[in-house]
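Derivation of every value follows stated rules applied to the coordinates shown; laboratory data play no part. Only a predicted model underlies this, so the values are computations on that prediction, with no experimental measurement involved. Note that each Cβ is placed from the backbone with ideal geometry, even for glycine, and that neighbours are counted across all protein chains shown.
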Number of protein chains: 2
Amino acid sequence: MTDTAKPTLDDVARAAGVSTATVSRCLNSPDQVIAPTRIRVMQAVEALGYTPDFGGRALASRRTNTVGAIIPTMDNAIFARGLQSFQEALSRFGKTLLVASSNYDPAREREQMEVLAGRGADGLLLIGSARPESSTEYLRRRGIPFVGAWNLGGEDGYFVGFDNRAAAARLAEMVIAHGHRRLAMIAGISFMNDRAADRTEGVRSAAEAAGIARADLPVVEAAYTFEDGARAMGELMAIRPRPTVVMCGNDVLAVGAMQKARELGLKVPDDVSITGFDDIDLAGVVDPKLTTVRVPHRRMGQAAADMLIKLIKKEPVERRIEIPTAIIERGTLGPPRTDGGAGG
Amino acid sequence: MTDTAKPTLDDVARAAGVSTATVSRCLNSPDQVIAPTRIRVMQAVEALGYTPDFGGRALASRRTNTVGAIIPTMDNAIFARGLQSFQEALSRFGKTLLVASSNYDPAREREQMEVLAGRGADGLLLIGSARPESSTEYLRRRGIPFVGAWNLGGEDGYFVGFDNRAAAARLAEMVIAHGHRRLAMIAGISFMNDRAADRTEGVRSAAEAAGIARADLPVVEAAYTFEDGARAMGELMAIRPRPTVVMCGNDVLAVGAMQKARELGLKVPDDVSITGFDDIDLAGVVDPKLTTVRVPHRRMGQAAADMLIKLIKKEPVERRIEIPTAIIERGTLGPPRTDGGAGG
DNA sequence: TTGTAGGCGTTATCAA
DNA sequence: TTGATAACGCCTACAA
């Protein structure tokens, strides 16, 4: 409750009886300042509750030690987990993370790019690779390096992720090996979301390879909530002959589907099998536990941080790092009913 | 791939053949600039890929239109939900949100306060009220207004939240009204977490009021994961005579407890009742659905934004806004077993 | 309506 | 080891 104004370097310098240069040095390279002076300065800093102004600092030093991340939504356990380790890795390098969200909207993503660029982000983490050329062009123009995560991208750019399509295909192959022929899918919204689109394509390709016509694989897109998953499940379960397995684009949709199945009086996996994708904690808590694809989020966040740091330092980097996924077999995938299902 | 350096106001001015002042005006108060000039300038902005530098801008204008939020963890659906609406409300006022996390560590929270203060946050959203005096003192010294959310705080300060203690007590009263006498609790970690502590106290006070000795109400603290909830449930279910109901500090712990109950072959609610707190989406998906306390996160985030904006504008504000909670009765709370339970 | 010029808080260069 | 002082990119009186 002393003086109310925000203290500046000048205030500290005056209080400590030194020049602003010395105060600055105390903060940035303390060993260049002799101990007694330094102690006096630090006491003044403490006493005044001084915190360096980021703007001034960035302006003068031309660096910010800041990296930004733009994720589709915070409302999603999956990105949260990956970001957490991304941030941890970053802070080991003394970098601060700024998080923004795009709401799955490319225009908003672009806005956030400008916000983060304006705030001096030295580099950016983006999710996936589906975005207008103009957005990436913008970053290149400003010389801001960026890495895409959660998938492996296309021709150019830097990526840390996994092959969503291949992983989904492998899971579908396993489903088919269980004897299923009447597959259905609850996909995430594929618009500007390469992860969702790739997973769907993976399932489709495996089905086609097994001689299942594309028209015989109903796909419903659903947003990222239990409710949407349940609603989609309702649609699919109305189809005759009923699908014997529903493959879901992510675990949240899968759990919503499980709930709907229960409501409909369908036993999982006896009456209908269900699979997920991501292996979030939730997958191990539902009953039966969810058969899904494990994505090592922490490892991905970590690797993304390493890659971005290297890009910022202009050190040599691999263009893409593939994180292996694994199919986790639990209880929701079984053989199809042999009675031919509920005929229509 | 033209020139690589980050364009400045000067570059734009030169490209458009005007002064920097005019460019600045185009960006900040376009109506002060005549149309032809403005168009020429905006084209130059576009062509160069110019984005104003936040540091320079903040320095010169002495405002940032930024507010910060420090939450315990991003790894928690509950804060994510509230933050989302906080952010939405903020952006309607043209403010940008900077999010930081403290990991439930007061020292780290303090660090983040300094980071956000340095970055020019005009105001701060904090969670709860349990923090060292020195932290709030720091903010006051810098003249940074802040509001606490998720609880109602103490003597002074501004808060948007609810009475965790009273809500937990009401739920406990309902539990007792169902006939339960052998209560147990899985509490969140109470260290520097007033929400967790208050909820525990609420249950305890209701139990005492019903003549249940404090010693007869076992409480196990557990961190915020399904696993921790399950582990705690294991401990509680080993007690003889076995508790007939386990009240949990949040829904995540409750779902972990449900899973453990299933593993132990205990039916919910026949063998043991379970209650949660928060009413996250998950609560409606488990089987049976979770009896819990609904907390209107979106409303809270919204109200917090309104309050903070007013504080920043130095408009008059109520010191605390209480958001009502509601008990949601679903399937996990039933009467206790009448056979006297599994005796020891 | 537009331009000129000073200053915001910090760092970094150069002397002392 | 320390101190002057000139940038850094932008905004905003004030002047034209």
(request) Only residues that are free of Cβ contacts under 8 Å to residues at least 60 places away in the same chain and farther than 13 Å from A:Ile327 by Cα: list them for region A:159-176, please. (result) A:Arg165, A:Ile176
(message) Just the residues that are of a type in the set (Phe, Trp, Tyr) and either within 11 Å of another protein chain (Cβ to nearest Cβ) or in a helix (DSSP H, G or I) (or both), please, taken from region B:131-151.
(response) B:Tyr138
(request) List the number of the failed condition for A:Asp75; all other conditions in (1) within 12 Å of chain B (Cβ to nearest Cβ); (2) touching a residue at least 24 places away in the same chain (Cβ under 8 Å); (3) of a type in the set (D, E, K, R); (4) not in a loop (DSSP other than H, G, I, E, B) hold. (result) (4)
(message) Return the residues of region A:114-130 that are in contact with a strand residue (DSSP E or B) (Cβ under 7 Å, 6 or more places away or on another chain) and facing chain B (nearest Cβ under 8 Å); say none if nothing qualifies.
(response) A:Val115, A:Arg119, A:Gly120
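Let's see how each residue does on (1) over 23 Å from B:Ile144 (Cβ atoms); (2) more than 8 Å from DNA strand C (Cβ to nearest atom); (3) within 14 Å of chain B (Cβ to nearest Cβ); (4) not polar (S, T, N, Q):
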| residue | (1), (2), (3), (4) |
| --- | --- |
| A:Ala16 | yes, yes, no, yes |
| A:Val23 | no, no, no, yes |
| A:Asn28 | yes, no, yes, no |
| A:Ile39 | yes, yes, no, yes |
| A:Gly49 | no, yes, yes, yes |
| A:Gly56 | no, no, yes, yes |
(message) Exactly one condition in (1) under 25 Å from B:Ala58 (Cα atoms); (2) among the aliphatic types (A, V, I, L, M); (3) outside any helix (DSSP H, G or I); (4) within 16 Å of DNA strand C (Cβ to nearest atom) is false for A:Ile70; which is it?
(response) (4)
(message) Name the residue that is nearest to DNA strand D (Cβ to nearest atom), counting only residues in region A:13-25 that are loosely packed, with under 14 Cβ neighbours inside 10 Å and in a loop (DSSP other than H, G, I, E, B).
(response) A:Ser19
(request) State yes or no: is A:Leu83 within 16 Å of DNA strand C (Cβ to nearest atom), facing chain B (nearest Cβ under 9 Å) and not in a loop (DSSP other than H, G, I, E, B)? (result) no
(message) Name the single residue that is farthest from the other protein chains (Cβ to nearest Cβ) among those in region A:86-105 being assigned to a strand (DSSP E or B) and of a type outside the set (Gly, Ala, Ser).
(response) A:Leu97
(request) Would you check which residues across region A:294-303 are touching a helix residue (DSSP H, G or I) at 6+ places or on another chain (Cβ under 7 Å) and surrounded by fewer than 24 Cβ atoms within 10 Å (Cβ to Cβ) and list them? (result) A:Arg298, A:Met300, A:Gln302
(request) Please enumerate the residues belonging to region A:26-57 that are within 30 Å of A:Ala117 (Cβ to Cβ) and near DNA strand D (Cβ under 8 Å from one of its atoms). (result) A:Gly55, A:Gly56
(request) Examine region B:3-10 for a residue that is crowded, with 22+ Cβ neighbours inside 10 Å, at the interface with chain A (Cβ under 10 Å from one of its Cβ atoms) and in contact (Cβ under 8 Å) with a residue 40 or more places away in the chain, and state whether such a residue exists. (result) no
(message) Please go through (1) within 12 Å of another protein chain (Cβ to nearest Cβ); (2) part of a helix (DSSP H, G or I); (3) closer than 14 Å to A:Leu308 by Cα for A:Glu111 and return the number of the only condition it doesn't satisfy.
(response) (3)
